[in-house]
Amino acid sequence: MKHIKKTFGYIMACFLLSTTGCEDFLEREPMSITHPNVYWVNQSNAEQALAGAYGLFKYAITYQANFLYWGEITGMNFMRSRNWICNYIQGSGNYILAYRDQSRNWKNLYRAANWANTIEQYVTDMDSGLFSSVEEKNRIIGEAAFIRAISYFYLTRLWGDVPIVEESIESSDQLIDDDGYIVRIPQSDELEVLAYALEAVDKAIGLLDYSSPGDARWAITANKASAEALKAHITLWYASRDRDNRELMQQCIDAATSAIDNSNAELIDYVVEGQAGVDNMCLGQSKTGLFEINIDAGMNESWRMSPGDNNHIGLTINYPVFKNYNNNGPLIDPDYHGKEFMSTDPDRIDDVRKEVFFYEYDDPSDSFISKYQYQSQDPNSEDQYAQFSESNILIFRLADMYLLRAEAHAKMGSGASAVPDLNTIRSKANVPDYKGATDRASLIKAIFEERAIEFVGEGQCGFDRIRMDYYFEGVPWMSQTRIEKKGYYWPIHPSILSVNPSIVQPEYWRGKL
């Protein structure tokens, strides 16, 4: 029987962070990391540490399908999961999920950020002669900076004001003051957190090189274009939180443009390439990927597929991928905004994504997202349903850069510059050119809806609603009062508040936990 394994690097990182397992340094006192003179002595060790950082980030966003709860189910665009836990969100916007404490606990993202920061600090001080080249040393530091940046970006998109931990936490001594009290790290304003993430991603951009499809590392580790894609996201989010800061929006445009022009990535033409193009995109490391979470049984980075509700496969796939039809499984709801606008917009009649992104799109009782259907047979089992997942989780891809750039142009009042990018993406799906109004509100609607169909199932739409302030269609429980109290952020787990009283719950959630 084939066993599912986590990467060796992840196991190593957990071991180094704690002799009893990965314990959150903001909640508990971590044990000391191996002495630098013992561990940080060659490139191989540094590479293993970097693999551990990627593993920690992967764990943070995939554990119990976190990325879907955070960025997909909250968006309420296409997919209605009939699972009872998802109904907390879909029914009333309640983010206090039963049996899903990790969805409102930031500890795993801090683990990833702390381990990345540790790599940056130690590898920087290592002699360059310990590496095959100076460029390789810089790559490791740059990838670690990328992981630190993306971890903090997720943290502030989910909780707003969060602590910034600039020092690598390696010993319990760092969390205890001279009087023996636990050091309490307060939250920083979300703009400070975004500035911190931006500094980290700029560092990554400066140290990394571009890559190309076909390279063994393509898209599953960060390269310069991955970092530019992250910068485009950070700066546009930052601008939205800072009163439409035009300088930041221009930085988004510049980063997206550089990724488009220099990444060596290409758009998938769904009209020409059809299902084969989507298959390649979702299996991963395709020509269009910029950064994605690797799911590969051959690399021991997969798990057995099941219809259970504690993984993203179970929340998005149904029969016939699985043996039996699941009455609690996912459904593309005709009353949700995504299906509604696709049905009422005459431009969408021949949108080929209806066929290549979904199973039985027009069947109201049996339609679901098919992006996570890819699997490989367990060679040691005769059961045809003994399958391992092979679907990568797409974080950034080239289409994202065109639509982020279009959004930034629209927000800056340059509709003429936004429309070509919007049309580029529409053309790949057999959707006619946009002929609507070019004022900000009209274009934001058009771009939001294009993102809703293009990135369906990829954990983007919930964050898109916050960044684009697009709640008036499709999310009945997100009232103006809730928005004013920042109720789009997630509640902070009570265990964090009990250990660190300086942490303040987002206003909307106070008294609700």
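Determine whether region 342-353 contains at least one residue that is under 24 Å from the mean Cα position of the chain (by Cα) and either crowded, with 22+ Cβ neighbours inside 10 Å or not small (Gly, Ala, Ser) (or both). Let's see the steps before the verdict.
Kept after step one, since they are under 24 Å from the mean Cα position of the chain (by Cα), are these residues of region 342-353: 353.
Subsequent filtering for residues that are either crowded, with 22+ Cβ neighbours inside 10 Å or not small (Gly, Ala, Ser) (or both) retains 353.
Yes, because at least one residue in region 342-353 is under 24 Å from the mean Cα position of the chain (by Cα) and either crowded, with 22+ Cβ neighbours inside 10 Å or not small (Gly, Ala, Ser) (or both).
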Determine whether region 399-409 contains at least one residue that is in a helix (DSSP H, G or I), of a type in the set (A, V, I, L, M) and in contact with a Pro (Cβ under 9 Å, 6 or more places away or on another chain). yes
Counting only residues that are modelled with pLDDT under 95, assigned to a helix (DSSP H, G or I) and not polar (S, T, N, Q), which one in region 92-109 is surrounded by the most Cβ atoms within 10 Å (Cβ to Cβ)? Arg104
Of everything in region 424-441 that's within 18 Å of Met342 (Cβ to Cβ) and of a type in the set (S, T, N, Q), which residue is surrounded by the fewest Cβ atoms within 10 Å (Cβ to Cβ)? Ser427
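Yes or no, residue by residue, for (1) touching an Asp or Glu at 6+ places or on another chain (Cβ under 9 Å); (2) of a type in the set (S, T, N, Q):
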position	(1), (2)
Ala98	no, no
Gln102	no, yes
Leu109	no, no
Trp115	no, no
Glu120	no, no
Phe131	no, no
Glu135	yes, no
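Out of Ala46, Ala13, Ala60, Ala65, report the one residue that is assigned by TED's automatic domain parsing to the domain that holds Asp127, farther than 30 Å from Lys512 by Cβ and modelled with pLDDT of 95 or more.
Details: Ala13 fails: modelled with pLDDT of 95 or more; Ala60 fails: farther than 30 Å from Lys512 by Cβ; Ala65 fails: farther than 30 Å from Lys512 by Cβ.
None of the others qualify; the one that does is Ala46.
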Please count how many residues of region 258-293 are under 14 Å from Trp218 (Cα atoms) and in a loop (DSSP other than H, G, I, E, B). 9
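For region 439-488, list the helices (runs of 4 or more DSSP H) that sit wholly inside it and hold at least 1 residues that are under 22 Å from Arg510 (Cβ atoms) and in contact (Cβ under 8 Å) with a residue 12 or more places away in the chain; which are they? Break it down stepwise before answering.
Working: elements: 440-454, 461-468, 480-484.
In region 439-488, 461-468, 480-484 are the helices (runs of 4 or more DSSP H) which contain 1 or more residues that are under 22 Å from Arg510 (Cβ atoms) and in contact (Cβ under 8 Å) with a residue 12 or more places away in the chain.
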Which numbered condition in (1) surrounded by fewer than 24 Cβ atoms within 10 Å (Cβ to Cβ); (2) over 20 Å from Asp279 (Cα atoms) is the only one that Ala408 fails? (1)
Among the numbered criteria (1) under 25 Å from Leu68 (Cα atoms); (2) buried (at least 22 other Cβ atoms within 10 Å of the Cβ); (3) under 23 Å from the mean Cα position of the chain (by Cα), which single criterion is violated by Asp421? (1)
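The values are calculated or read from the model by the stated rules, or taken from the named source; none is laboratory data. This one's a predicted model, so the numbers in the text were calculated from it and none came from an experiment. Positions of Cβ are generated from backbone atoms using ideal geometry, with glycine treated the same way; all protein chains shown enter the neighbour counts.
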